Amino acid sequence: MDSVLVKFPMTIKAKLTEKLREKMLEEFRNGINQAQLEIQQINIQENRAVSEVGEEDQEQLAMIHQHFGIERQKREDFIAQTEARITDTEKLVLGAEIVQGTTERFVELKKGDNVRDQFNVEVVVEDDVIIAIRS
């Protein structure tokens, strides 16, 4: 066997531009709006469940409130985290590199290749255009 195809991780980074910042902020705000709508829906469902059970079964009522409280808290936590991300994003300097995620790539390795050269590869994009590939 002269070579082998191996899968390696690759980091995708984006150079922060005003266009990217606005896109990120819009996605964050949309997420907050969606979470707020879900909280409203949770409140409606909770009220409906409480009215169906009635005031007599306190144990069942407590379980209903606990269940919907947990779901509501998940959305409230998401909103708080997203608001913090908005604040952080607004503070970022234009030109900063932001990790957008990771993906995998296939590399053909041959006898004599230095395998360490294949780790820590980054692709840097600016407004969706590749501007650098680093290893």
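Could you please let me know if ASP127 is out of contact with any strand residue (DSSP E or B) (no Cβ under 7 Å at 6 or more places or on another chain) and either within 29 Å of ILE32 (Cα to Cα) or at pLDDT 90 or above (or both)? Criteria met by ASP127.
Taking the listed residues GLY101, GLY112, the one that is in a strand (DSSP E or B) and among the small types (Gly, Ala, Ser) is GLY101, with no other qualifying. Within the set ILE86, ILE64, the sole residue that is within 30 Å of ASP128 (Cα to Cα) and either assigned by TED's automatic domain parsing to the domain that holds ASP127 or surrounded by 13 or more Cβ atoms within 10 Å (Cβ to Cβ) (or both) turns out to be ILE86.
Listed by first and then second residue, the pairs with beta-carbon distance under 6 Å, at least 6 apart or on different chains, first residue in region 25-49 and more than 15 Å from GLN73 (Cα to Cα) and without any contact (Cβ under 8 Å) to a residue 60 or more places away in the chain, second hydrophobic (A, V, I, L, M, F, W, C) and in a helix (DSSP H, G or I), are ALA49/ILE64. Residues in region 116-135 that are in contact (Cβ under 8 Å) with a residue 40 or more places away in the chain and more than 22 Å from the chain's Cα centre (by Cα): GLN118, PHE119, ILE131. Exactly one residue among THR89, THR82 is part of a helix (DSSP H, G or I), touching a residue at least 24 places away in the same chain (Cβ under 8 Å), under 30 Å from VAL123 (Cα atoms) and out of contact with any strand residue (DSSP E or B) (no Cβ under 9 Å at 6 or more places or on another chain), and that residue is THR82. Hey, could you check region 50-61 for residues that are surrounded by 10 or more Cβ atoms within 10 Å (Cβ to Cβ) and without any contact (Cβ under 8 Å) to a residue 12 or more places away in the chain and say which is nearest to GLU76 (Cα to Cα)? In this case the residue turns out to be LEU61.
Evaluate the following for LYS13: is it surrounded by 13 or more Cβ atoms within 10 Å (Cβ to Cβ), under 25 Å from VAL124 (Cβ atoms) and in contact (Cβ under 8 Å) with a residue 60 or more places away in the chain? Here the answer is yes, as LYS13 does meet what is asked.
The values are calculated or read from the model by the stated rules, or taken from the named source; none is laboratory data. Predicted model only: the values in this text are computed from it and were never measured. Using ideal geometry, Cβ is built from the backbone for each residue, glycine included, and neighbour counts are taken over all protein chains shown.
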